[in-house]
Amino acid sequence: MDYIKDLENLLKTDVLVEVNENIKELETNLEKKKNSKELKDELKYMKEVKKYFDDVLLDIENETITQEQASDILEGLEDMRTDNQEI
């Protein structure tokens with residue numbers, strides 16, 4: 001199994017799409033509630049998440065990520081998805 005290709009596909013077609021949508025939504029909400037510390041913190045966190053996954057894609061492009069690292073990231077994403085479905 002090619003975990004790197006699976007990870008790249010998942011990031012490009014699902015994870016980063018959702019992260020970018022969340023960032024836009026948070027920015028829109030923040031315009032309405034400019035002094036919301038909670039929204040600012042959440043936006044900052046989501047931008048950090050986006051940067052992390054952008055860096056992972058860069059590692060894939062530069063071929064500096066291993067199958068094991070890709071597998072670990074995929075596992076983490078699956079755990080996050082499972083946690084979100086339980087809510």
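The values are calculated or read from the model by the stated rules, or taken from the named source; none is laboratory data. Fair warning: this is a prediction, and the values are worked out from it, not measured in the lab. For neighbour counting, all protein chains shown are included, and Cβ atoms are generated from backbone atoms with ideal geometry for every residue, glycine included. For accessibility, only protein heavy atoms count, side chains too; no ligands or nucleic acids. Shrake-Rupley method; radii C 1.70, N 1.55, O 1.52, S 1.80 Å.
Which of the residues spanning the stretch 23-51 are loosely packed, with under 11 Cβ neighbours inside 10 Å and of a type in the set (Val, Ile, Thr)?
Thr28 - this is the single residue of the stretch 23-51 that is loosely packed, with under 11 Cβ neighbours inside 10 Å and of a type in the set (Val, Ile, Thr).
Among (1) in contact with a Lys or Arg (Cβ under 7 Å, 6 or more places away or on another chain); (2) hydrophobic (A, V, I, L, M, F, W, C); (3) open to solvent by 90 Å² or more (accessible area, probe 1.4 Å), where does Met1 come up short?
Unmet condition: (1).
Inspect the stretch 26-33 for any residue being within 25 Å of Leu7 (Cα to Cα) and of a type outside the set (Phe, Trp, Tyr) and give the result as yes or no.
No.
Determine whether Asn20 is more than 23 Å from Thr64 (Cα to Cα), exposed (fewer than 15 other Cβ atoms within 10 Å of the Cβ) and not small (Gly, Ala, Ser).
yes
Just one of Leu43, Leu16 is touching a residue at least 24 places away in the same chain (Cβ under 8 Å) and among the hydrophobic types (A, V, I, L, M, F, W, C); which is it?
Leu16
Can you give me the number of residues within the stretch 27-82 that are within 16 Å of Val15 (Cβ to Cβ) and of a type in the set (Lys, Arg)?
4
Out of all the residues in the stretch 55-65, is one or more surrounded by 11 or more Cβ atoms within 10 Å (Cβ to Cβ) and of a type in the set (Ser, Thr, Tyr)?
So far as the stretch 55-65 goes, no, none of its residues is surrounded by 11 or more Cβ atoms within 10 Å (Cβ to Cβ) and of a type in the set (Ser, Thr, Tyr).
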